[in-house]
Amino acid sequence: MPKALVTGCSGFIGSHLTEKLLDLNYKVIGIDDFNDYYDPKIKERNIVGFKNNKNFSLNKFDIRDNDSVSDLFKRENPDVVVHLAARAGVRPSLLQPILYEEVNVIGTLNLLEAARNNNCQRFIFGSSSSVYGECKNIPFKETELDLKPISPYGVSKLTGENYCRTYNHLFKLPIICLRFFTVYGPRQRPDLAIHKFTKLIDEGKSIPVFGDGQYKRDFTYVTEIVDGIISSISYSKTSFEIFNLGESHTTSVTDLVKMLENTIGKKVLIDWQPAQAGDVPLTYADVSKAQELLKYSPKTAPEEGIKKFVDWYLKDKSSVLV
């Protein structure tokens, strides 16, 4: 039975990935620190479906704790690492840049060191479209050289990628960096736009829209991200690669609001706010490389994905209230 170590296993993407790996007969060694970025009870609910699975183990500690990281690797000797744990969020990173550097860079270094010292066969790094910053070449391609992220979060992710490249070069550790584009779906973090907007609209409250509402995002449904990660685990033709994982379709904030309004069936009240520092005007993934090499095939249109999310939200809200 292959062993996969998944950091951030109780989070949004991590919990979906863990479920999928268990279905594929992996033994999953999970790491999560259940920090207070949002209510830890949400993460507890995320893992209800698999926390008692005999092939899953949960290890509660911070990836900045190098002794705990090292000890776990020595004890479990995982075949593959999927590193999803991170301090997330562009806007909060402007307020706590040191924390983002510590978790997203030092934490990643701890994992890279443990992986190379324990002969790990594959390291998957969860990166972000934020590394592209205000990229002028549209859509964004992995071959883009002029990467200038405009938030501490984006800088921390690009730094993580650079350390991954260096560890591959120096120690021949096989590594794939995956740049995720605005992931959404069931269990999405409550601070992200689709979840936050849905909750406010459902409660009849106004939603904050920053700038002119014409910012565009490449919204990507979570199951497609998971499929891309699974394909990356089995991809063995090279020792280092970077792949975009997106929908390759852009939706403006105002169009997103209209979709939510139509799906929820309630009139939206908009609270217009000034543009926010660190926000990029556009994210748009060229996924041709992932399509060719990973057989990645995104197919969830925003309208379909939004409906799935709203259905989950209403069901989840009801279960919490019971």
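The values are calculated or read from the model by the stated rules, or taken from the named source; none is laboratory data. What you see is a predicted model, and the numbers here were worked out from it, not measured in a lab. When we count neighbours, we look across all protein chains shown, and the Cβ atoms used for this are built from the backbone with ideal geometry, even at glycine.
Here GLY211 fulfils each of the conditions (1) out of contact with any Phe, Trp or Tyr (no Cβ under 7 Å at 6 or more places or on another chain); (2) surrounded by 14 or more Cβ atoms within 10 Å (Cβ to Cβ); (3) on the phi < 0 side of the Ramachandran plot apart from (3).
Could we say that ILE201 is within 29 Å of GLU44 (Cα to Cα), in contact with a Lys or Arg (Cβ under 8 Å, 6 or more places away or on another chain) and crowded, with 16+ Cβ neighbours inside 10 Å here? Yes, satisfied. Against the list (1) part of a helix (DSSP H, G or I); (2) free of Cβ contacts under 8 Å to residues at least 40 places away in the same chain; (3) of a type outside the set (Gly, Ala, Ser), the condition LEU112 fails is (2). Are any residues in segment 212-262 within 14 Å of LEU294 (Cα to Cα), modelled with pLDDT of 95 or more and either among the charged types (D, E, K, R) or part of a loop (DSSP other than H, G, I, E, B) (or both), and if so, which ones? Listed by number, the residues that qualify are GLU224, ASP227, GLU241, GLY246. SER93 meets the conditions (1) at pLDDT 95 or above; (2) over 25 Å from GLY228 (Cα atoms); (3) surrounded by fewer than 20 Cβ atoms within 10 Å (Cβ to Cβ); (4) of a type outside the set (Val, Ile, Thr) in every case but one. The failed one is (3). Name the single residue that is surrounded by the most Cβ atoms within 10 Å (Cβ to Cβ) among those in segment 8-23 being out of contact with any His (no Cβ under 9 Å at 6 or more places or on another chain) and not in a helix (DSSP H, G or I). Top of the filtered list is CYS9. From the set of residues in segment 168-198 that are of a type in the set (D, E, K, R) and more than 20 Å from PRO40 (Cβ to Cβ), which is surrounded by the most Cβ atoms within 10 Å (Cβ to Cβ)? For segment 168-198, the residue satisfying everything is ARG179.
Here is a yes/no grid of residues against (1) modelled with pLDDT under 95; (2) assigned to a strand (DSSP E or B); (3) within 12 Å of CYS9 (Cα to Cα); (4) among the acidic types (Asp, Glu):
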position: ASN25; (1), (2), (3), (4): no, no, no, no
position: ILE29; (1), (2), (3), (4): no, yes, yes, no
position: PHE34; (1), (2), (3), (4): no, no, yes, no
position: TYR37; (1), (2), (3), (4): yes, no, no, no
position: LYS41; (1), (2), (3), (4): no, no, no, no
position: PHE50; (1), (2), (3), (4): no, no, yes, no
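Taking the numbered list (1) part of a loop (DSSP other than H, G, I, E, B); (2) crowded, with 21+ Cβ neighbours inside 10 Å in turn, ILE306 passes all entries but (1).
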